[in-house]
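The values are calculated or read from the model by the stated rules, or taken from the named source; none is laboratory data. It should be emphasised that the depicted structure is a prediction, and the values quoted were computed from it without experimental measurement. Here the Cβ positions follow ideal geometry from the backbone for every residue, glycine too, while neighbour counts run over all protein chains shown.
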Amino acid sequence: MCASQTNMRSVGEYLGFLAGVEKTTYLERTMSEKITKQALVEIAKQLELKNVQKLSKADLIHRIQIAEGNSDCFGRIPDCTVEPCLFRSECIGN
């Protein structure tokens, strides 16, 4: 199972909260766009992860996936067909 699939709603809640817009609207938009590092850092803060500012985007996404209880599959599954996944557009581009 692709990381962030099972807990996507929780990440969507973090992102929706950060954006100050309705959760589903932001989540739908985010799923088709790349996520900024600042947004990832904010998600990490919500998950109470420490020392994340200096991590690369990929490492930061892996930490978020693990913190949510998912596998850290970002960028590691060729031809991934799992949807929905919050990091899909960023992952497929790797």
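Here is how the numbers come out for the structure above:
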read-out	value
Selected residue (criterion: surrounded by the fewest Cβ atoms within 10 Å (Cβ to Cβ)) from residues of region 66-83 that are touching a residue at least 24 places away in the same chain (Cβ under 8 Å) and either under 13 Å from Glu33 (Cα atoms) or of a type in the set (S, T, N, Q) (or both)	Ser71
Residues located in region 21-47, provided they are more than 20 Å from Glu90 (Cα to Cα), at pLDDT 90 or above and not aliphatic (A, V, I, L, M)	Lys45, Gln46
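So that you can scan it fast, the table gives a plain yes or no per residue for (1) of a type outside the set (S, T, N, Q); (2) closer than 14 Å to Ser89 by Cβ; (3) touching a strand residue (DSSP E or B) at 6+ places or on another chain (Cβ under 7 Å); (4) modelled with pLDDT of 50 or more:
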| residue | (1), (2), (3), (4) |
| --- | --- |
| Ala3 | yes, no, no, no |
| Glu13 | yes, no, no, yes |
| Ala19 | yes, no, no, yes |
| Leu49 | yes, no, no, yes |
| Val52 | yes, no, no, yes |
| Lys57 | yes, yes, no, yes |
| Gly69 | yes, no, no, yes |
